[in-house]
């Protein structure tokens, strides 16, 4: 009986781990080194090479969705916004946050279908149209620009120019954007994908923010997957 008990103690955790892969719809891992080496040099020089790959899991099949690399260091603004609908007020609008490589066709927060490819991410505080079908209670977003359109990661880009670049990514009258949301304190591991029963997946990570000559980790949460809009076509 003791031998049986020992075997069960070994098997049960393995069964739990195997079933967890089927239950958790998303996982994170490090992107292949080759993926980082293929980035344009002007971007890779500004990035932490320790990126994150987000993959979906279904029927014991793992599908890579995107690779994300964050800036080596993100400056903070001296007079941070304290507006109640702004979460990341220490970030200066127009600041380069990193890049995302879409490994297949994906929707942004406004349900624009984006082509596979490389996009830069810059922080913006946007006013939202109440008639839109994709609304966030917060004004914190990253605007996506095609990688070829963002030449200088060190520059702080004005909102008008950022909107123009974002429209190059969306091919619509609105820029391509991803929503920033509050970090869920129940999850202590970073990076970590947080999925909910509505179909959203939020990636929680630490970015390196510079303030007062010191660099510290700042928790940040970004929605990378959202459910398809029910009114759009097949």
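Return yes when residue 194 is assigned to a strand (DSSP E or B), over 19 Å from residue 52 (Cβ atoms), touching a strand residue (DSSP E or B) at 6+ places or on another chain (Cβ under 8 Å) and modelled with pLDDT of 95 or more and no when it is not.
The answer is no for residue 194.
Somewhere in the stretch 179-190, is a residue touching a residue at least 60 places away in the same chain (Cβ under 8 Å), farther than 21 Å from residue 83 by Cβ, touching a strand residue (DSSP E or B) at 6+ places or on another chain (Cβ under 9 Å) and surrounded by 19 or more Cβ atoms within 10 Å (Cβ to Cβ)?
no
Going by the conditions given, is residue 83 assigned to a strand (DSSP E or B) and touching a residue at least 24 places away in the same chain (Cβ under 8 Å)?
no
Considering (1) farther than 17 Å from residue 46 by Cβ; (2) surrounded by fewer than 22 Cβ atoms within 10 Å (Cβ to Cβ); (3) more than 16 Å from the chain's Cα centre (by Cα); (4) in contact (Cβ under 8 Å) with a residue 24 or more places away in the chain, say which one residue 114 fails and leave the rest.
(3)
When you scan the stretch 200-227, how many residues do you find that are touching a residue at least 60 places away in the same chain (Cβ under 8 Å) and outside any loop (DSSP other than H, G, I, E, B)?
15
Kindly evaluate residue 97 against the criterion of being modelled with pLDDT of 95 or more, within 22 Å of residue 42 (Cβ to Cβ) and out of contact with any helix residue (DSSP H, G or I) (no Cβ under 7 Å at 6 or more places or on another chain).
Yes.
Could you tell me which numbered condition residue 152 fails, if it satisfies all but one of (1) touching a helix residue (DSSP H, G or I) at 6+ places or on another chain (Cβ under 6 Å); (2) within 16 Å of residue 47 (Cβ to Cβ); (3) surrounded by fewer than 19 Cβ atoms within 10 Å (Cβ to Cβ)?
Among (1) touching a helix residue (DSSP H, G or I) at 6+ places or on another chain (Cβ under 6 Å); (2) within 16 Å of residue 47 (Cβ to Cβ); (3) surrounded by fewer than 19 Cβ atoms within 10 Å (Cβ to Cβ), residue 152 violates only (1).
The values are calculated or read from the model by the stated rules, or taken from the named source; none is laboratory data. Keep in mind the model is a prediction, meaning the values are calculated, not measured. Using ideal geometry, Cβ is built from the backbone for each residue, glycine included, and neighbour counts are taken over all protein chains shown.
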